[in-house]
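Comments concern the structure below.
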Amino acid sequence: MRETGSGLTTPVGSGDSTVSGPGAAAGRHPFPDPHWYTIAGGAPLTGSVEVSGAKNSVTKLLVATLLTPEPCTLTRVPRIVEVDVVLGMLAELGTQVEWLDAQTVRVATPTIVDASLSEAYSGVNRIPILMMGPLLHRVGEAVVPLPGGCRIGKRPVDFHLVGLRAMGAEIIEQLRSVEVKTLGLHGAQVTLPFPSVGATENLLLAAVRAKGTTVISNAAVEPEIIDLILFLQQMGALVDVEVDRTIVVQGVEALHGAHHAPIPDRIEVASFAAAAVATNGRVDVVGARQEHVATFLNHLRRLGGEFEVSQHGLTFYRARELTATHVQTDVHPGYMTDWQQPLTVLLTQAKGASVIHETIYEDRFGYTRQLNEMGADIALSTSCLGGKACRFASRDFEHSAVVSGPTPLRAADLEIPDLRAGFAYVMAALIAEGSSLIRGTRFLERGYEDPVGKLRSIGALIETRPADAVRPTPPATAS
């Protein structure tokens, strides 16, 4: 059944707690830096920090709320730029948004007022492409801009479109957008050439209300995927996760509202863990869940880091001299590609030659140039070093890195190129001699909630300065 309607719904709430108006966030893109950071190196991080809700889960859960006209409530929502952007997109489509408290948001979309998302969102992130399925179920058509986000390699949507076509969608690809229509989606058997997280999410969102049964083979099974499935199940969906990366979805006619607490951000957990070990400190990450970072914990232990499990979360520290190791990124349950950047910085302080083989994105080592300028010894290669050949073999992509250490790092003026490189640069500044200036903070704050406040709370000597200021006087250097 498709819901239709006319007229503009008014977002609930008042003041800055409400995202309202078409394209509320779009007018701010490209986003300027809110400020720059100055960081004095040498201070060990010690204390306790609480992990936020997972960005890569919350944003997809917000899209899933489009599948029902009823209200949905999410708790533990991080107050980050990426969430604001997604709420702006939803408001443009007709979603009513109300913040119930600092981190609890209630959203409801009783009527889709416009199924064409503004091209102002083209290249902002990958979220618009996930809205196709919900909009097709609600109004039978959609026009969404093509995805973008961090500059870490190509992110094609062909897997998404092939699956939707198999389910009965008519698709017209434009230069900067995709137009989709349907008289009704139906179940299909879809085998993904690669277990893409985005394609799996897209097919799930389309399949839960499609007529019949959809089988997704070679699907992604990351914790964020499971979190989305649990939310959809609460909404009334029928989804089974079977062996061998198979997800079976029995379509239902309608979904209802739900209340859900997203999983903690496993990328943030690994970031603070690596920073604790790199600075030879000791940090309690409250809310961290061992099962979500098990693979990371193994690699951390191999190189000299250690952890303890408590009822509150995980505690991280350095157990011995850091030594070289080999890491290959992979789909879950392998080593996550978003854990690669802080680990690279950590390995600059490890004895020996470490090898990192990136198999998820073909262009994710660009950030290492600035690390080398700080004194790191990181050599890139187009070969699949130290592990099995991957899909980037013999394709001239510098997707492997050899990190030789330990090398002392010197403070520098740094420009963050993408979200995950952002925390790596913060880590590098924390262990470097002297005071570093970091620009491009808009990328980091797109995905990390209050990074300055959290870092200060565990002893980091970090200050913010106006983004247009000349190089400021550095904060006091650690003794």
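The values are calculated or read from the model by the stated rules, or taken from the named source; none is laboratory data. Since this is a predicted model, take the numbers as computed values, not measurements. Reconstructed Cβ throughout: ideal geometry from the backbone, glycine too, with neighbour counts over all protein chains shown. The accessibility values were calculated without ligands, DNA or RNA, using every heavy atom of the protein model including side chains. Shrake-Rupley method; radii C 1.70, N 1.55, O 1.52, S 1.80 Å.
How much mean residue ellipticity at 222 nm does the chain get from its helices, if each DSSP H run of length 4 or more adds -39500 (n - 2.57) and you divide by all residues, to the nearest 500 deg cm²/dmol? Provide the component values of the computation, followed by the final result.
Working: 13 runs with 127 residues, N = 479.
Only helices count here, giving -7500 deg cm²/dmol.
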ask   = So for 165, 138, what's the accessible-area order with a 1.4 Å probe, most first?
value = 165, 138
note = Here D for region 153-195, in µm²/s, from Stokes-Einstein with a Kirkwood Rh over Cα pairs at 4 °C and 1.567 mPa s, works out to 113 µm²/s
key: Accessible-area ranking of 400, 394, 118, largest first, probe 1.4 Å   = 394, 118, 400
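Which order do the peptides 53-64, 376-387 take when ranked by the mean count of other beta-carbon atoms within 10 Å per residue, highest first?
53-64, 376-387
Using heavy-atom solvent-accessible surface (probe 1.4 Å) with all chains present, what is the largest-first order of 397, 307? Don't skip to the answer; put the middle values down first.
Details: 397 60, 307 30 Å².
Most to least solvent-accessible, the answer reads 397, 307.
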request  = Quote to one decimal, in nm, the extra length available between residue 194 and residue 103 on full extension: 0.36 nm per residue of separation minus the C-alpha distance between them.
outcome  = 29.3 nm
request  = Would you give the gap between the C-alpha center of region 430-450 and the C-alpha center of region 362-390, rounded to a whole Å?
outcome  = 21 Å
note = With label points set 7 Å from each Cα along the Cα-to-Cβ direction at residue 213 and residue 320, the distance between them in nm comes to 5.2 nm
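Could you look at the chain and say what percent of its accessible area is carbon and sulfur, using a 1.4 Å probe and all protein chains?
Numbers: 9020 of 18020 Å².
Its accessible area is 50 percent carbon and sulfur atoms.
To the nearest 0.05, how large is the calculated FRET efficiency for residue 170 and residue 396 if R₀ is 45 Å and r is the Cβ-Cβ distance?
Efficiency, rounded to the nearest 0.05: 0.75.
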query = Roughly how many Å² is the accessible area per residue of region 181-271, as a whole number, for a 1.4 Å probe?
reply = 36 Å²
request  = Would you give the gap between the C-alpha center of region 241-289 and the C-alpha center of region 407-429, rounded to a whole Å?
outcome  = 25 Å
inquiry  = Restricting to DSSP loop positions (anything but H, G, I, E, B) with no more than 15 other Cβ atoms inside 10 Å of their own Cβ, which trypsin sites (Lys or Arg not before Pro) remain in region 359-414?
reply    = 388, 391, 395
query = Karplus couplings for region 108-120 from phi (6.51 cos²θ - 1.76 cosθ + 1.60, θ = phi - 60°), rounded to Hz, Gly and Pro as x?
reply = 8, 10, x, 9, 7, 8, 7, 8, 10, 7, 4, 5, 4
key: Relative pair counts by distance (%), Cα atoms of the chain, 20 Å bins   = 24, 56, 20, 0
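Send over a whole-number figure in Å² for the accessible area per residue of region 303-380, probe 1.4 Å. Don't jump to the answer; show the numbers that get you there.
Working: 2630 Å² over 78 residues.
Heavy-atom accessible area per residue stands at 34 Å².
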inquiry  = Taking 4 °C and 1.567 mPa s as the conditions, I'd like the Stokes-Einstein D for region 307-441 in µm²/s, using the Kirkwood hydrodynamic radius from alpha carbon pairs.
reply    = 84 µm²/s
request  = List every residue whose amide H lies under 5 Å from the amide H of residue 178, counting only residues 5 or more places away in sequence or on a different chain, with H placed 1.01 Å from N in the peptide plane.
outcome  = 144, 146
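Can you pull the Rg over Rh of region 183-338, Cα-only, Kirkwood?
On the way: Rg = 18.9 Å, Rh = 17.4 Å.
On the Cα set of region 183-338, Rg over Rh gives 1.08.
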